[in-house]
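Below is one structure, written out as structure tokens, with a few remarks after it.
The values are calculated or read from the model by the stated rules, or taken from the named source; none is laboratory data. Because the structure is a prediction, the values reported are computed rather than measured. For neighbour counting, all protein chains shown are included, and Cβ atoms are generated from backbone atoms with ideal geometry for every residue, glycine included. Note: accessible area is taken over every heavy atom of the protein model, side chains too, but ligands, DNA and RNA are not part of it. Shrake-Rupley method; radii C 1.70, N 1.55, O 1.52, S 1.80 Å.
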Amino acid sequence: MRTSKIGICGTDLEIIQGGYGEAPPNSDYLVLGHECLATVEDAPSNSAGIEKGDLVVPTVRRPDGCLNCQNGESDMCLTGQYKEHGIKGLHGFCSEYSVSDLNYLVRIPAELSDVAILLEPTSVAEKGVFQSFKIQDRMIWKPQKALVLGTGPVGLLTVLLLRLRGLDVTAVATRPKDSLKARLVEKIGGTYVNGTDQPISGLGRFDLILEETGVASLAAEAQGLLNNNGVLCLLGIYRPNLATQDIGHSYDDIVLGNKITFGSVNANKRYFVSGIQDFKTIQQKFPGVLKSMFTKTVGPSNYSQAYSPTKDDIKSVIDFQKLN
Ligand code: BGC
């Protein structure tokens, strides 16, 4: 593949800081870049129908031999021995050319080429939302109110997916009401709350909550905001955090309200494919919103700017067609 664009996310920054990630065996470095848009330069003939010249997004994770991995669900790997391009045990795509198993390439329609670099973070949001609804198949469930904690790219994309599904969405972050993130939430019909002005405990109750800040205390607090039969999906990466809380009350609340808290990581190909469908609808219903999430685009020689986000950045991108 010839790289067109690379998106940068919090995981890349954690890897740079040494907090996460693993170089491939026999390599003393790791090429970053798990969010990628590329053109196929060469491909053997294949049943997936991938051809030279196709615009593609590669998925991130590659399977091991476990039951789930062998059945197309490497995002549900049983052993933890999976690999992830640019994160764990495999080099990423942030170089002029790269190689991927072609069974993990998702073809991108030409009309989505300018926003498709958002497909990988969208796949993570797609999985969280899909799994929440799937779990709730256990009962009659007609969610009305949703809460999204965090308005990074995955948070904003989650708000979009929930608005497409007709939910009344509140999003909480720490930027002011006139920030781009806040304006985007309002533009797509959500309500933005600046959590530094207003505690989340006063926001009422929600049927569905997606926690994407990675702040453990917020995740614990969010569980107490669930309506009866509600579901809380955790999508953050949490650091060790000792807390004193009344766990008797929390468990009692979970039991008496039939509540669920679950975690969701990564995304298999199915969620990239559903992301493409949702992108088409988003482009019609909320034109310009996906594109306005690109707050910084630099050429490869200015890569360090892309990996140094400022507080108002949403998505930084390295564009390999840009010379500087
Ligand atoms: C990526 C996922 C990956 C996760 C944990 C996220 O940034 O989007 O694909 O599974 O990090 O490594």
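The 3J(HN,Hα) values that the Karplus relation (6.51, -1.76, 1.60; θ = phi - 60°) gives for the stretch 277-290 are, in residue order, 4, 5, 4, 4, 5, 4, 4, 7, 7, 10, x, x, 5, 4 Hz. Gly and Pro appear as x. Given their separation in residues at 0.36 nm each and the Cα-Cα distance between them, residue 198 and residue 2 gain 65.9 nm when the chain is fully extended.
If I stretch the segment between residue 174 and residue 31 completely, what's the gain in nm (0.36 nm per residue apart, minus their alpha carbon distance), one decimal?
Values: separation 143, 0.36 × 143 = 51.48 nm, distance 3.19 nm.
That works out to 48.3 nm of additional length.
Can you give the FRET efficiency for residue 244 and residue 41, using 1/(1 + (r/R0)^6), R0 = 51 Å, r = Cβ-Cβ distance, to the nearest 0.05? Result of the calculation: an efficiency of 0.35.
To the nearest µm²/s, what D does Stokes-Einstein give for the stretch 27-151 at 20 °C and 1.002 mPa s, using the Kirkwood radius over alpha carbon pairs as Rh?
Numbers: Rh = 16.6 Å.
Result for D is 129 µm²/s.
Across the stretch 48-58, rounded Karplus estimates of 3J(HN,Hα) from the backbone phi angles (6.51 cos²θ - 1.76 cosθ + 1.60, θ = phi - 60°) give 6, x, 7, 10, 3, x, 5, 8, 9, 10, x Hz, Gly and Pro being marked x. Restricting the calculation to alpha carbons of the stretch 123-263 gives Rg and Dmax of 14.3, 41 angstrom. For the stretch 278-324, the dipole from Cβ point charges (+1 on Lys and Arg, -1 on Asp and Glu) about the Cα centre works out to 120 debye, to the nearest 20. For the pair residue 111 and residue 95, label points projected 7 Å from Cα toward Cβ lie 3.7 nm apart. Considering only the Cα atoms of the chain, their convex hull presents on average a projected area of 17.6 nm². Here each label is just a point 7 Å from Cα along the line to Cβ, and for residue 220 and residue 312 those points are 3.5 nm apart. Here the chain has 51 percent of its accessible surface on carbon and sulfur atoms, given a 1.4 Å probe and all protein chains in place.
Which entries in the list 127/259; 134/187; 134/181; 83/259; 181/280; 145/285 go over 23 Å, if you measure between the two C-alpha atoms of each? Mind showing how you got there, number by number?
Details: 127/259 19 Å; 134/187 28 Å; 134/181 29 Å; 83/259 33 Å; 181/280 21 Å; 145/285 20 Å.
Correct reply: 134/187; 134/181; 83/259.
Protection proxy ranking of 17-28, 229-240, by the mean of other Cβ atoms within 10 Å over each peptide's residues and highest first, is 229-240, 17-28.
Could you state the angle between the C-alpha long axis of helix 119-135 and the longest principal axis of the C-alpha atoms of the chain, as a value from 0 to 90 degrees rounded to the nearest 10? With both axes taken from Cα atoms, the answer is about 40 degrees.
May I ask for the Rg/Rh ratio of the stretch 198-324, computed from Cα atoms with Rh as the Kirkwood radius, given to two decimals?
Values: Rg = 19.4 Å, Rh = 18.1 Å.
Rounded to two decimals, Rg over Rh is 1.07.
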